[in-house]
Amino acid sequence: MRITNQGLPILYQDARVVVIDKPRGFHVHPPETNAHKVPRSKVLFYLLWDQIQKKLFPVHRLDAGISGVLLFALDLEAAALLQRQFVERQVQKKYWALVRGHFQEEQGRIDLPLELETTGTLVECHTSFRVLRELELPSAVGGKYPTS
């Protein structure tokens, strides 16, 4: 997904929320620490504010390297309600990933804890997967594999 002269791709907007198609390589909001400077042109919060000229409250986030659907509230009350729904897992999130290699099973579940970046604490994580399609690309991987 690319940002055009018309701005970020808006999938839905009403008086309380705006939903965008987040491009890969952009941060949702400025980093919390000054250790990693990110230009304003790579921060969706600023870009969307410039585009719609309304207060914005990020409801959730996606890592900079991930593209996907991103939700912003346009008022504090909507933000609190939506964030609570995410915390209470009333929102079902689905991720589609392109992975390299082959699965031995067509579907399954991975139970592997993830480490929080902020504290280093391990938290439970459960991922259910289903292989939608396998394909081979005619581009070499290193000197070992002639295709991907």
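For residues that are touching a residue at least 12 places away in the same chain (Cβ under 8 Å) and open to solvent by 80 Å² or more (accessible area, probe 1.4 Å), tally how many sit in region 125-140.
6
Among the residues of region 82-118, how many are of a type outside the set (A, V, I, L, M, F, W, C), farther than 25 Å from V141 by Cβ, out of contact with any strand residue (DSSP E or B) (no Cβ under 7 Å at 6 or more places or on another chain) and open to solvent by 90 Å² or more (accessible area, probe 1.4 Å)?
Final tally of qualifying residues: 9.
Could you please find all residues in region 64-79 being out of contact with any strand residue (DSSP E or B) (no Cβ under 7 Å at 6 or more places or on another chain) and either among the hydroxyl-bearing types (S, T, Y) or loosely packed, with under 13 Cβ neighbours inside 10 Å (or both)?
Hits for region 64-79 are G65, E77.
Among the residues of region 12-32, write down those that are modelled with pLDDT under 95 and open to solvent by 80 Å² or more (accessible area, probe 1.4 Å).
R24, E32
Find all pairs meeting these conditions: Cβ atoms under 7 angstrom apart; at least six residues apart or on different chains; first residue within region 65-87 and in contact (Cβ under 8 Å) with a residue 60 or more places away in the chain; second residue part of a strand (DSSP E or B).
S67/K22; A78/V17; L82/L71; L82/A73
Is it the case that some residue within region 39-52 is touching a residue at least 24 places away in the same chain (Cβ under 8 Å), surrounded by fewer than 14 Cβ atoms within 10 Å (Cβ to Cβ), more than 30 Å from T147 (Cα to Cα) and of a type outside the set (G, A, S)?
Checked region 39-52: at least one residue is touching a residue at least 24 places away in the same chain (Cβ under 8 Å), surrounded by fewer than 14 Cβ atoms within 10 Å (Cβ to Cβ), more than 30 Å from T147 (Cα to Cα) and of a type outside the set (G, A, S).
Mind listing just one residue for me: the one in region 88-123 that is among the aliphatic types (A, V, I, L, M) and under 16 Å from the mean Cα position of the chain (by Cα) and, of those, modelled with the highest pLDDT?
V91
Taking the condition at pLDDT below 85, hydroxyl-bearing (S, T, Y), assigned to a loop (DSSP other than H, G, I, E, B) and surrounded by 10 or more Cβ atoms within 10 Å (Cβ to Cβ), does S148 pass?
yes
Given the structure, is E117 without any contact (Cβ under 8 Å) to a residue 12 or more places away in the chain and not β-branched (V, I, T)?
yes
Can you find a residue in region 7-16 that is touching a residue at least 60 places away in the same chain (Cβ under 8 Å) and touching a helix residue (DSSP H, G or I) at 6+ places or on another chain (Cβ under 6 Å)?
Yes - at least one qualifying residue is present in region 7-16.
The values are calculated or read from the model by the stated rules, or taken from the named source; none is laboratory data. These numbers were taken from a predicted model, which means no experiment stands behind them. Cβ: placed from backbone, ideal geometry, glycine included. Neighbour counts: every protein chain shown. What goes into the accessible areas is simple: the full protein's heavy atoms, side chains included, and nothing from ligands, DNA or RNA. Shrake-Rupley method; radii C 1.70, N 1.55, O 1.52, S 1.80 Å.
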